[in-house]
Amino acid sequence: MPHNIELSDATFERLKKLAEPLVDTTETVIVKLLDTQEAGGSTRANGVGKPAQSAHPQARDFSAASPPSLTHTKVLVLKLNGAPLRDLTWNGLLAEAIKLAKAEVRTQDELGRLVTVPFVTGRKETEGFHFIEGIGLSVQGQDANAAWRASYHIARQLGIAIEAEFVWRAKDGAVFPGLTGRLSA
């Protein structure tokens, strides 16, 4: 016998992020979540299996294209093009992505299409800009969400892998306090 359940708008939006468009229903998403939980695994945003080798196997996977708010997160692992990064900050990821972008393009216009955050040629260290050694650019610092979006955009345009594992701090405004999350594409 079918049962009717009520979901808050917020819960329904979270379920939609796990659904494969034009394929899944609310029930099929819930069944996938239950199957995965019972199997002791984690669900990727598109409902497909576990990612390969995680530093934090308990991490929950989120859509790299549309993650939940990353405000109040602490970065645990960052990889770009398969290489682990030393600077475990969202802006550190962005700086490394910009270095890769700069190495791939020939013109400032091409770079402007890849880098979606404010940047200038040369050293500028006012108004939130930080100089990136080795490439002669200064980039304006971003919050976690904007830094991820800009880094993800560069990675997609260059066709390289990008991964982040992080934990939400136990603070007001954190969407999943204490939860470890993972983004990968």
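Here, each number is a calculation from the coordinates, and none is a lab measurement. Predicted model only: the values in this text are computed from it and were never measured. Note: ideal-geometry Cβ built from the backbone for every residue, glycine included; neighbour counts use all protein chains shown.
Details
- Lys/Arg +1, Asp/Glu -1 at C-beta; segment 65-185 dipole; positive extreme among T126, A146, P67: P67
- Between A161 and R113, the contour length at 0.36 nm per residue exceeds the Cα-Cα span by 15.4 nm.
- Long-range tail of P(r) for segment 51-184 (Cα pairs > 26 Å, %): 22 percent
- Segment 157-179 and segment 65-131 have Cα centres lying 16 Å from one another.
- Rounded to 0.05, the FRET efficiency of the L33 and V175 pair, given R0 = 25 Å and the Cβ-Cβ distance, is 0.90.
- Virtual spin-label span in nm between V105 and H3, 7 Å along Cα→Cβ: 5.3 nm
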